[in-house]
1. If R₀ is 41 angstrom, what is the calculated FRET efficiency for the pair residue 25 and residue 58, using the beta carbon separation as r and rounding to 0.05?
2. How far, in nm, would the chain grow between residue 204 and residue 176 when pulled straight, counting 0.36 nm per residue and subtracting the alpha carbon separation?
3. Quickly rank 79-85, 215-221 as a protection proxy: mean count of other C-beta atoms within 10 Å, highest first.
4. Compute the acute angle (0 to 90°) between the alpha-carbon long axis of helix 2-20 and the principal axis of greatest extent of the alpha-carbon atoms of the chain; round to the nearest 10°.
5. May I ask you to compute the full-extension gain from residue 266 to residue 235, defined as 0.36 nm times their residue separation minus their alpha-carbon distance, rounded to one decimal in nm?
6. Taking a temperature of 25 °C and a viscosity of 0.890 mPa s, what whole-number D in µm²/s does Stokes-Einstein yield for the chain with Rh from Kirkwood over alpha carbon pairs?
7. May I ask for the Rg/Rh ratio of segment 118-161, computed from Cα atoms with Rh as the Kirkwood radius, given to two decimals?
8. Got the relative contact order for segment 45-267 handy, in percent, Cα pairs under 8 Å and 6 or more residues apart?
């Protein structure tokens, strides 16, 4: 029995070995190790608090215009579409509830995450990548400074924290935009819109909408920092790293949103 188990174990290892040789698997393992080290050293963000605050300010300022524009127009489209679809049933007054729940639970967090993935992700990978190509990372190591603690951790921490204010602003303006579109172009009474909105929103909806963005920010920062930290190939490599950062970060936001939604629904 023991010999049979050993043989099965050896056979399993032989089957897994070719899989571990695949480039994307090796890259995934490297990312997990990189992320684990960055998370382990996350308390260093307080040691380099000036750099952390600077990154928060820069990330927030750069991402905010994109987040606002995207959230506002997506919300207005949502409001117009639902108003038109519900009109034949005499249920246009439900638009306030639909806009509120959709924006707070899903549209606000997802749009914010995707915009940050494109703007902040590209910023992080270009900054870290330029430092690697300019041998500044090697210089830090030569002086006995851990580049992950000094450069990566402040950016990761800042990306997580800045998502909070961004999502609050995004949700608020998106809801106002949905109200404006519904009242101005679909003829819904303003008071009815807000009564419907208040009746539909529960505290758990707000909690769900606030829980998701920090996870998105963490994932975006870890992916973009990894591709910047492992960059190779000069300017051409920089282009590849930036493209892959935006692609994987955006995909990661969508997958993370699905996972968090499933978890929340399972416990609600």
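Since every read-out is calculated from the coordinates, none of them should be taken as a lab result. Since we're looking at a predicted model, the values are computed, not measured. Cβ placement follows ideal geometry from the backbone for every residue including glycine, while neighbour counts extend to all protein chains displayed.
1. Numbers: r = 34 Å, r/R0 = 0.84.
It comes to 0.75.
2. Extra length available between residue 204 and residue 176 comes to 8.0 nm.
3. On the way: 79-85: 18.7, 215-221: 25.4.
The densest-packed peptide leads the list: 215-221, 79-85.
4. In the chain, helix 2-20 runs at an angle near 70 degrees to the longest axis.
5. Details: separation 31, 0.36 × 31 = 11.16 nm, distance 4.61 nm.
Gain in length upon complete extension: 6.5 nm.
6. Working: Rh = 20.7 Å.
Translational diffusion coefficient: 118 µm²/s.
7. Rounded to two decimals, Rg over Rh is 1.01.
8. Working: 305 pairs, mean separation 78.2, N = 223.
That works out to 35 percent.
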